[in-house]
1. Just a yes or no: is a residue in the range 124-137 within 15 Å of ligand 2 (Cβ to nearest atom), within 30 Å of L202 (Cβ to Cβ) and open to solvent by 60 Å² or more (accessible area, probe 1.4 Å)?
2. In this structure, does L64 turn out to be within 30 Å of D221 (Cβ to Cβ), at pLDDT 95 or above, under 14 Å from the mean Cα position of the chain (by Cα) and away from ligand 2 (no atom under 14 Å from the Cβ)?
3. Among the numbered criteria (1) more than 8 Å from ligand 1 (Cβ to nearest atom); (2) touching a Phe, Trp or Tyr at 6+ places or on another chain (Cβ under 8 Å), which one does A154 miss?
4. If you check every pair at least six apart or on different chains, which have Cβ atoms under 7 Å apart with a residue in the range 45-62 that is closer than 20 Å to I133 by Cβ first and a residue that is polar (S, T, N, Q) and modelled with pLDDT under 95 second?
5. Please go through the range 50-94 and pick out each residue that is in contact with a Gly (Cβ under 9 Å, 6 or more places away or on another chain), more than 25 Å from A25 (Cβ to Cβ) and not β-branched (V, I, T).
6. Using beta carbons and a limit of 6 Å, which pairs, at least six apart or on different chains, have the first residue in the range 165-176 and open to solvent by less than 10 Å² (accessible area, probe 1.4 Å) and part of a loop (DSSP other than H, G, I, E, B) and the second one within 13 Å of ligand 2 (Cβ to nearest atom) and among the aliphatic types (A, V, I, L, M)?
7. Taking into account only those residues within the range 144-157 that are at pLDDT 95 or above and not aliphatic (A, V, I, L, M), which is surrounded by the fewest Cβ atoms within 10 Å (Cβ to Cβ)?
8. State yes or no: is F152 part of a loop (DSSP other than H, G, I, E, B) and either of a type outside the set (A, V, I, L, M) or touching a Cys at 6+ places or on another chain (Cβ under 7 Å) (or both)?
Amino acid sequence: LVAALSPRPLAGRRLLITAGPTFEAIDPVRGITNLSSGKMGFAIARAAREAGAEVTLVAGPVHLDTPRGVRRIDVRSALQMLEAVMPLADEHDVFVATAAVADWRPASLSAHKIKKDGKKIAPTFELSENPDILAAVSARSRERGAPYCVGFAAESEQLERHAREKLLRKRVPLIIGNLGPATFGRDDNSLLLVDAQGATPLPVDGQATDKLTLARLLMADLADRLAS
Ligand code: CTP
Ligand code: CA
């Protein structure tokens with residue numbers, strides 16, 4: 001009954017969400033990745049669906065169940081994530097980039113497992129920068145007027161300053177900041193919503209709360225932003 005009476009403020013909206021880490025292969029058995037659990041992105045996908053949105057979730061390698069009613073596309077590397085996201089961006093009203101995309105990938109992929117082979121010197125790896133998926137969707141959005149782009153910023157210090165720098169650099173209307181790595185893989189968190197007007201904590205009292213509650217608050221806030 002409660003669910004039936006509750007408003008679905010994102011009904012008719014289509015959300016595209018990236019979540020989780022990416023994995024950048026060095027050879028067939030090794031790679032570079034990071035500690036993102038994907039929990040925040042999956043919570044947002046669930047909350048958006050509950051709020052009535054059509055949701056597509058592009059996920060890096062994570063150990064999480066797909067939220068009910070959500071279309072999920074699994075990818076591994078940043079390049080694969082970009083390839084999955086770009087054609088989908090045009091069919092969505094909102095893009096929420098929660099993925100912790102690896103900033104660099106090994107410049108070349110070894111076809112076979114790199115062996116020690118009695119070598120005395122450890123190998124070194126040249127890295128190439130990965131494309132910025134959020135900035136690419138944001139550029140596309142400026143041409144077309146959609147999707148509305150939301151970025152995340154996990155920082156270890158000076159949260160508002162770094163979040164604002166990303167807002168300007170990626171030219172998106174909203175960056176959601178959180179302080180890590182204390183929050184990585186944890187179930188509770190608190191956020192700072194940074195836009196052109198200023199910065200607002202979420203929840204408003206700044207108390208850490210579970211990621212699903214945060215995601216629901218965030219989707220209510222997003223619905224307001226889209227309506228205005
Ligand atoms: N992002 C992305 N593609 C990348 C890097 C980041 O889409 N190659 C997105 C993330 O999903 C997030 C936002 O950009 O929404 C900010 O990511 P972050 O790693 O904090 O920013 P960077 O620009 O990579 O800066 P740095 O890691 O140096 O702080
Ligand atoms: Ca980064």
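1. No, because not a single residue in the range 124-137 is within 15 Å of ligand 2 (Cβ to nearest atom), within 30 Å of L202 (Cβ to Cβ) and open to solvent by 60 Å² or more (accessible area, probe 1.4 Å).
2. So L64 fails the test.
3. With respect to (1) more than 8 Å from ligand 1 (Cβ to nearest atom); (2) touching a Phe, Trp or Tyr at 6+ places or on another chain (Cβ under 8 Å), A154 is out only on (1).
4. Note: pairs meeting the criteria are V62/S37.
5. E50, G52, A53, E54, D93
6. none
7. Y148
8. In short, no.
The values are calculated or read from the model by the stated rules, or taken from the named source; none is laboratory data. Since the model is a prediction, treat every value here as computed from it, not as a measurement. We place every Cβ from the backbone using ideal geometry, glycine too, and count neighbours over all the protein chains shown. Accessible surface is based on the protein model in full, side chains and every heavy atom, while ligands, DNA and RNA are left aside. Shrake-Rupley method; radii C 1.70, N 1.55, O 1.52, S 1.80 Å.
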